[in-house]
Every structure is written in structure tokens, then in C-alpha cells.
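Comments concern the structure below.
What follows draws every value from the coordinates through simple rules; no lab data is involved. Just so it is clear, the structure is predicted and the values come from calculations on it, not from any experiment. With ideal geometry, Cβ positions are generated from the backbone for all residues, glycine too; neighbour counts draw on all protein chains shown.
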Ligand code: ATP
Ligand code: MG
Ligand code: MG
């Protein structure tokens, strides 16, 4: 389904193809494998893979794996799986920046030979203070004037593992007085005595992002290298390296506004902290904004792609309200999810005038607007469960559901009237007793009789007992920022219900099968914890936005 929503990047691509600047386009999605993908990454994935799809180009998946200490194969596997799940495919083009380490190294030597890079012995601390500030020019390092021969020798020995971490770095020799701090002799390589999850044991120096990224783009023939706005000030550096190296192609960098979403956090550092501190059950906890979390929650790839289309791609930073993401999944599931009845907090209802040995079945449509989804049989008998909230012993004004002496329609079945309330020794209502109107079912003589309320129910004899988790937003405030951001965690973000009653047709729900539980919301069979015959359901989203002000 090509999207027709245009944006400034699409306009650039269109113009480049129209003018003949490019015959075809190549984009890339370049995650660092240091965590799981989140909904912000989805924006970048949809943009990059969407451009390739819509303009007949291709999009590479490139692991930007230049920092071995934070990276892990656990993350690469999950990233690949999430991109596929979202509905995109890189075909032959799975790449690793670390596969270019040798070429990047050779190019670094090339810059040294040209007198455009040098080995610096200043400490990280000193480099920072020599760099100056927006109002103050930088100061040149005393090592800046080393000869090319000396620099080559030192750089080779850095590679050979001769020096301690932090003892030396390789820097580009650009301009310590540049108004753009990124051009004040940026670090290209640092010493890290660690082996690399993909490149193995051979390296003791590792390239910085700013040096690796543009050259990797050039090696892969990327035409449009799209990143977030924080990198706008890095663009002159991106171009400086391309200008000074014999690269095989000339990519261009474009920047767009990153996604900021309310009521959650998206920095990998904070997400990792939630996992490590046990505030959530893991990266795929259904409350997490990660793609694995959203998937377990019941979000569909279509809903996430629809969300990304809806929020668009622009050049000014802004916040998107969580309700927009929630509305995207609600709309998608409203279309596709079959309806079912489930009682989450059960209260027994006994129909005194219905024979104990009798059972019948009613037909129910699986979707009110989509007859092609068919119907199913719902068993009915003398003992049912209804929702505790659908009964009030002393009804408040306007309560049109069940109450002593009051009538209600049981969805797809009969009208019942409450005659008696049974309580336990603490005074809590444990059962309601009713009589039914035998002519009030569909097709009966009193089928059209109107009562004010209709409630859902399940047959006690046929119901299946399951666990349901009611998920809600992870934070109670729109922007959980500051040092004590965790104090805004929503204590009610998960409610575990262990004896819910579902209609028997749901007993064999497959993992990830999604339903609308009538009057409750959209639910998804958990892909980890469901067992054959006993699914576990996660609430994806309620039917209406309860957070709206
Ligand atoms: P974090 O700050 O959480 O570590 P990151 O940007 O460093 O995120 P990467 O793995 O480097 O994470 O991101 C891969 C790609 O996804 C980058 O091109 C980046 O621009 C994009 N991306 C990351 N976060 C967002 C976001 N919130 N909105 C849009 N794009 C994003
Ligand atoms: Mg990054
Ligand atoms: Mg990062």
C-alpha cells in the first residue's frame, strides 16, 4: 500500500529522479545494535524503506556497529526480526559498518599522508577543554604538527595494540577556530582493547560514528542518507570526509525531526534502566515502546505503519501525543478484530426459571460491519457470569444495567430481571438470581421489547478460565523527564486478572490472535505465555481514550 502522503524528503527524492541526478535511489536504516528498536526507530524504518518501496529503489539494513563495548548479537537478531515484522525487507542488503573497518583504516592512513589527520596524545579531558565553546575558539593541540611519517608510525602501533586505552587518538586536522565545533579536529579513532561481536579479535582501535558513517554510506552507494536533526551540525564534517577521500560514490545527508512521544521514554539508556531495575518484565514487556513490546501488546504492523504515515515527516521537533498511537491501533483493530465476549471480573448470575439440564446456542456475528467474517455459536445455560460492574445493588441514577427489580438484555440472548441478591458472610454480593423472558430472544415473540441496558456474559458451564492483563500507559505524566523521571512510573500500568471467563470459541485462540472483547477493548493472545487450550490475553487498548482531558 504505497502511501501518498508527501513530505520534504519525498520531494527531494522526486526532484533528484526527475532531474536525472539519480537513476534510482538507495537509502539505509542504520541502527546501532546496542538495544531493541522502539517506535521512534519505526518512524525512520517507514521513511527509509517506504522511499525505496515507493520509488523503486532499495533500502539497506546496516548495523552501525562501531562501539564493541555496548553491542551484542542479541540485539542484531532482534532488530532484524522487528524490521521484518514491520513489513520491510532489505533483500541482499544486510551490512555491517564493521565490515568496512579495513577500508576505513586505509582511508585514515590516506588522510594522514595528506597531512589531514594526526595522532594526538592529549587526554579526553584535555581534548574537551581545548575544543573551546560556541563563544570561544578552540586551541591547537601541541601534537598537531607531528609529521605524516610519525603519525603513520604511531597510528599503526595504535592498531597493533601497543598503547593503553585513552593514551592516543587519531584526529582529523580541520580548523580549531571553526564556528562549527564539529569541525574542530574531531576524533576519528580511539583505542579500545576489546574484541568485536561481528569483526572478531583483530582490532584494538575503533572508528567514531562521524568518521564511519558517511564513508559506509559511500561504500554502499547510498544516495540519500537520512538521519535525525541532531546531526544537522555534523553535515559539514560528513562532507569534509567525502571531499578528502577517494570514495566510490557521493551520498548526501538529510535531516528530519525525530519522534518524541508522550507518556513514555525512548532513550535506550532509560529503557535499559527500566529492564535492569525490574520496573518492567523485559524489553518485550507490553508496556514498553519497543517494537517487541508493542507486538506483544497486540499492536499490528499495519497500525504502526499507519501511525507513521499519520504523523508525517518534517523538520521541526515536536511532541506526538500517545493517544495518536493508541487511536491508530484502535482503528486498525476495529476493522479486523473479531468480536467476542469475555467477563473479566466475574459475578455469578443464576436464572431460576431456566431448566438446570437445558442448554442452547445463539448465533453471534463475528464482526458487526463485516458479514464475511461469519458467525459463531455461543452456548447459554442456567448459570452465567456477568461483569461485577454491570450489577449495582443500590443503583445510582442513570445506571441502566442490572439491579434488583431491574431488567437488562443479555447480548444475543434473553432479557433477564433480577429477583434476588446472594451475599457472603462479609456482605459482598456473590451471586444474583434472575428470571428470564423466554420470548425475548432473537426471533421470539418479544424479541423487539426494549430495555435500557445490554450487557455481555458467558455461560458458566462452558466458560474457559484464563489470565488477562490490563495494560495502561507506563507513565502518569506526558513528559517524564529530569533525574527523578522514574517517580512518574504509573503504578497502575498493569492489572493482572487471574480468573477471567471467556466464551469457549476463544479457548483455542492462536498466539497473537486479536479480538475485541465487547464493551472492554482490544485484546491479543500473548505470544509467550499462552498454552494450547489456555490462552493468556493482553489488553492492547481500551475502546475509548480514557486519558483525554
Ligand atoms: P538512542 O538515542 O535511543 O540510543 P539512536 O538514535 O542512537 O537512539 P540508533 O540505533 O543509532 O539509535 O538509531 C538508528 C536510526 O533510527 C538512526 O538513523 C536514528 O536517526 C533513527 N532514530 C532513532 N530514534 C529515533 C526517533 N525517536 N525518531 C526517529 N528516528 C529515530
Ligand atoms: Mg545512533
Ligand atoms: Mg544512541
Run the simple label-point estimate for residue 167 and residue 181 please: 7 Å along Cα→C-beta, distance reported in nm. 3.0 nm
Spatial separation of Cα centroids for region 206-284 and region 85-142, in angstrom: 14 Å
Take the Cα atoms of region 193-333, find their three principal axes, and give me the spread along each one in whole Å, biggest first. 51, 37, 23
Before anything else, pin down the relative contact order of region 8-256: Cα pairs under 8 Å, at least 6 apart, normalised by residue count, whole percent. 18 percent
Quick one: compute the contact order of the chain, relative version, from alpha carbon pairs under 8 angstrom and 6+ residues apart, as a percent. 11 percent
Residue separation times 0.36 nm, minus the C-alpha to C-alpha distance between residue 110 and residue 477: what's the value? 126.9 nm
Let me check the size of region 8-256 from its C-alpha atoms; what are the radius of gyration and Dmax in Å? 18.7, 53
Could you check what % of the DSSP bridge pairs in the chain are antiparallel, to the nearest 5? 70 percent
Step by step: find N for region 31-154, compute 2.2 N^0.38 Å, then divide the Cα radius of gyration by it. What's the final number? 1.45
Could you line up 457, 485, 283 from fewest to most neighbouring Cβ atoms inside 10 Å? 485, 283, 457
For region 284-348, what relative contact order do you get, as a whole percent, if you take Cα pairs closer than 8 Å and at least 6 residues apart? 24 percent
Rounded if a/c is under 1.5, else prolate if a/b beats b/c, else oblate: with a ≥ b ≥ c from the C-alpha gyration tensor eigenvalues square-rooted, which is region 342-455? prolate
Can you say what percent of the DSSP beta bridges in region 342-455, counting only those with both residues inside, are antiparallel? Round to 5. 75 percent
per DSSP, antiparallel bridges as share of beta bridges in region 8-256, % nearest 5, sits at 50 percent
Can you divide the C-alpha Rg of the chain by 2.2 N^0.38 Å and report the result to two decimal places? 1.27
